[in-house]
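Below is one structure, written out as structure tokens, with a few remarks after it.
Values quoted throughout were computed directly from the atomic coordinates according to the rules given, and no laboratory measurement underlies them. These numbers were taken from a predicted model, which means no experiment stands behind them. Cβ atoms come from the backbone with ideal geometry, glycine included; neighbour counts cover every protein chain shown.
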Amino acid sequence: MKTGGLTIGEVAQRTGLATSAIRYYEDEGLVHPFRTDSGQRRFDRSDIRRLSFVMIAQNLGFRISDIRNALRSLPDHRTPTKADWGKLSKGFRRDLDDRILQMQRLRDKLDGCIGCGCLSLKACKLYNPDDAAKRGGHGPRYLLGDSPPDTL
């Protein structure tokens with residue numbers, strides 16, 4: 001059995017997470033504490049970084065399953081290196097870039113027509129003549145990434 005490590009209370013203090021949240025993340029397979037000879041749960045110092053990544057990724061709207069899959073790329077039996085974290089970040093980069101573009105479109109168009117296809121505003125006739133946006137599906141098509149016709 002392994003000795004040393006951090007108690008769940010120490011990890012909670014370092015991360016700002018409640019111990020119940022840390023146990024939840026353990027149940028979800030995001031961290032893998034070990035047990036001492038006396039059966040106490042202990043964490044490696046690298047688990048602080050893993051939990052910090054979980055907190056940040058959740059704040060950005062990533063699902064637990066996405067986070068779990070990303071963390072699987074990190075080594076289990078050693079502290080992840082900068083290269084390990086860089087490899088993990090490549091998978092998130094595309095999604096983050098897409099989210100940034102979507103937020104920029106929302107920011108830039110929120111005060112005008114939102115491209116919903118409702119034709120309730122006079123301006124909608126300019127951006128969505130004859131309700132052309134409905135061909136792309138439901139919702140705010142132009143904010144979701146569809147391009148309005150080139151006639152604008």
If you add up the charges near Arg135, with Lys and Arg at +1 and Asp and Glu at -1, over every other residue whose beta carbon is less than 14 angstrom from its beta carbon, what do you get? -1
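The stretch 1-110: which GluC sites (Glu not before Pro) are DSSP loop and have at most 15 other beta-carbon atoms within 10 angstrom?
Numbers: sites: Glu10, Glu26, Glu28; in loops: Glu28.
Filter output for the stretch 1-110: Glu28.
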